[in-house]
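Below: one structure, written as structure tokens.
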Amino acid sequence: MTDAELVVRTRAGDPEAFGSLVARYYDACWRFAYHMLGERADAEDVVQDSFLRAYLAIGRYDERDQFRGWLFRILTNQCRNYLTSRGRRTKRFVQDDIAIESAAAPPPGLAVGVEDDVLIRALAQLDPLQREALLLKYAEGLEYSEMSAMTGVGESALKMRVKRGSERLRAMLSASPEQSS
């Protein structure tokens, strides 16, 4: 069944249809949120909230848009909101003038090699907007036009974010001691 058919059935009151959409997109949404936020629990919360918001707003979904793009627009905004609020909260939790932050952990069930762990840590160090653009472009395989429609950012700005993020990521990975061994 296509996304459009599932949306029609959801609007008609079939909760199983929306469950099918959740099953179809959950892994991609979770992966994106995890790489944006760096914490399993945070990613889970944001993804669940995004699906809830999508369900409640399904009546406003425009069939001319791809459902995936519409859902990722919601998810992207939720990740941005979370990062903004987390930034405010992190500044409050200070012990001996050192901000307390937890390291990014791999997703459950994912066997992470040294290279993957290094990549996850490097991604977490990128500017959130560059990380978002890189993930949408390379992890999700979106075209710049799709990314622009999702984020509300112009294609040229997105290309610059991807370029700068890629350069910074490449520099971090080439300087990583794990990569040279």
Contour minus Cα-Cα distance for Lys159 and Asp117 (0.36 nm per residue): 12.5 nm
For region 14-83: span of alpha carbons on each principal axis (Å, largest first): 32, 21, 17
Distance between modelled label sites at Leu173 and Arg64, nm, 7 Å Cα→Cβ extension: 3.8 nm
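Only the coordinates and a few stated rules stand behind these numbers; no lab work does. From a predicted model like this one, the values you see are computed outputs, not experimental measurements. Note: ideal-geometry Cβ built from the backbone for every residue, glycine included; neighbour counts use all protein chains shown.
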